[in-house]
Every structure is written in C-alpha cells, then in structure tokens.
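Trainee: The structure is given below, and queries will be raised subsequently.
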Amino acid sequence: MASLYANENFPLRVVEALRRLGHDVLTTREASQDNQRIADDDVLGFASDSGRAVITINRRDFIRLNRQQPNHRGIIVCTEDVDIEGQARRIHEVISTLQTLDGLLIRLNRPSL
C-alpha cells in the first residue's frame, strides 16, 4: 500500500478511509506541520524526504509544483467530494494499480452527476 502525506487542506475523513483501506497516511497535524503557513514547495519537500506522496485538494499549486520540481515521491490532486468513502475508494483503486508513485502527478476528479 502507499505511503501518503495529506497536506493541511485534505479532509481528515478521507485520510481515515484511506487508512481503513490499508494505506499509510501521515497528516500535517501528526507531523507537527499544521497551522504554520508552510509553503507548498516545502510541503512537497517534506513529503519526498519522508518517502511519501502528497495528497491534496490544492490542485493548481501542486500541478505547478509538479512542473517545477518533477523529482518527487508523487502528487495526488483531488477535487473536493462529499462522498468520503467513494473518494477514498477511487484514490485506492488508482494508486493500487501502480508499482510506484515516484514522479507521478495523479489527477482525481469527483464523478459527474
């Protein structure tokens, strides 16, 4: 299963659902990195140094960072979704098919109604 780092804006309920699916997810709060206005590039660096892919709903900034800093442990950008279990399941289904997340930018959108 994947080692992930959920940045500050990523929903805790999705983190918990991903953990139930077997993923190792560290939150900014657990890493004592919350409420400090840490720059996104430092978030990406911390995650990479920790051997984790970033998971975020901050799409624009992390897509830009992927272009600027392609040597990372992975970036998963998601849209906000009220279907917590569904979002976790979609993330799980995509990353479970990959041997590595290194250098990848994965875009996950909530399904259209």
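Any read-out appearing in this document is the output of simple, stated calculations on the displayed coordinates, not a laboratory observation. This structure is a prediction, so every number in the text was calculated from the model and none was measured. Because the Cβ atoms are built from the backbone with ideal geometry, glycine has one as well, and the counts that use them run over all protein chains shown.
Trainee: Inverting the mean 1/r over all pairs of different Cα atoms, compute the Kirkwood radius of the chain and quote it in Å.
Mentor: Values: mean 1/r = 0.0724 Å⁻¹.
13.8 Å is the Kirkwood radius here.
Trainee: Tell me the label-point distance for the pair residue 9, residue 105, using the 7 Å Cα-to-Cβ offset, in nm and rounded to one decimal.
Mentor: Spacing of the two 7 Å Cα→Cβ label points: 1.6 nm.
Trainee: Additional query: Want the number for residue 39 to residue 82: 0.36 nm per residue separation, take away the alpha-carbon distance, what's left? Could the numbers behind the result be given before it?
Mentor: Working: separation 43, 0.36 × 43 = 15.48 nm, distance 2.67 nm.
Net length gain for the segment: 12.8 nm.
Trainee: Roughly speaking, what is the centre-to-centre gap between segment 3-65 and segment 69-113 when only Cα atoms are used, to the nearest Å?
Mentor: 12
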